[in-house]
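Contents: one structure, followed by commentary.
The values are calculated or read from the model by the stated rules, or taken from the named source; none is laboratory data. Quick caveat: nothing in here was measured; it's all calculated off a predicted structure. Positions of Cβ are backbone-derived with ideal geometry, glycine not excepted, and every protein chain shown enters the neighbour counts.
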């Protein structure tokens, strides 16, 4: 029962998400010198998942907050994942990135927010009314799972559009596991 409930909810959110977003995000990724991703809590886990997939696709990508993350500079892209667009640490990162001249993209449940207002583009996943209380999907689960699937579909779009063979991606996969 709950499995079907989750699948139906996420399907509805993704159906309400702009179909052109994968193309727009791909353009932003391709234009950037380097890509930085950030998110707090479970949104941070989604950001890490996306960063790994971008690396497999050949992008120069870093996760904000890791000990080996380089300094951000003009020409870089910072992608923030925040359901509310109001996460304090993400607001600080966004303001600093803006000062440094990086382009900023927010992935969120709503277009209007502190981070959204500082961003060049907001990818609104679903519509705000889809994020009320959902039985069996507490505390942001709907946003995180929908965003994960949206970003994985974007990677699929990139792989297809660029013709990146899985064998090539596999050469970038971690081999010290």
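Would region 42-52 turn up any residue that is in contact with a helix residue (DSSP H, G or I) (Cβ under 9 Å, 6 or more places away or on another chain) and modelled with pLDDT under 95?
Yes.
Considering only region 35-52, state which residues are under 25 Å from residue 167 (Cβ atoms) and either touching a strand residue (DSSP E or B) at 6+ places or on another chain (Cβ under 9 Å) or not in a helix (DSSP H, G or I) (or both). Don't jump to the end; show me each part of the working.
Of the residues in region 35-52, the ones under 25 Å from residue 167 (Cβ atoms) are 35, 48-52.
Those that are under 25 Å from residue 167 (Cβ atoms) and either touching a strand residue (DSSP E or B) at 6+ places or on another chain (Cβ under 9 Å) or not in a helix (DSSP H, G or I) (or both): 35, 48, 50, 51, 52.
Right, residue 134: under 23 Å from residue 12 (Cα atoms) and modelled with pLDDT of 95 or more or not? Show your work before the answer.
Values: under 23 Å from residue 12 (Cα atoms): yes; modelled with pLDDT of 95 or more: no.
Taking the combined requirement at face value, the residue does not satisfy it.
Considering each residue of region 32-70, count those that are farther than 20 Å from residue 149 by Cβ, in contact (Cβ under 8 Å) with a residue 24 or more places away in the chain and over 13 Å from the mean Cα position of the chain (by Cα), and give that number.
Number satisfying all stated conditions: 8.
Tell me the helices (runs of 4 or more DSSP H) entirely within region 73-177 that contain at least 1 residues that are more than 14 Å from residue 47 (Cα to Cα) and touching a residue at least 40 places away in the same chain (Cβ under 8 Å). Break it down into steps so the answer makes sense when it comes.
Values: elements: 88-100, 114-118, 141-162, 166-172.
Passing ranges, in order: 88-100, 141-162, 166-172.
Restricting to region 16-31, give me the number of residues that are in a helix (DSSP H, G or I) and free of Cβ contacts under 8 Å to residues at least 12 places away in the same chain. Give the derivation first.
Start the filter on region 16-31 by keeping residues that are in a helix (DSSP H, G or I), which leaves 21-31.
Right, trim to free of Cβ contacts under 8 Å to residues at least 12 places away in the same chain and you get 27, 30.
Adding up the residues that qualify gives 2.
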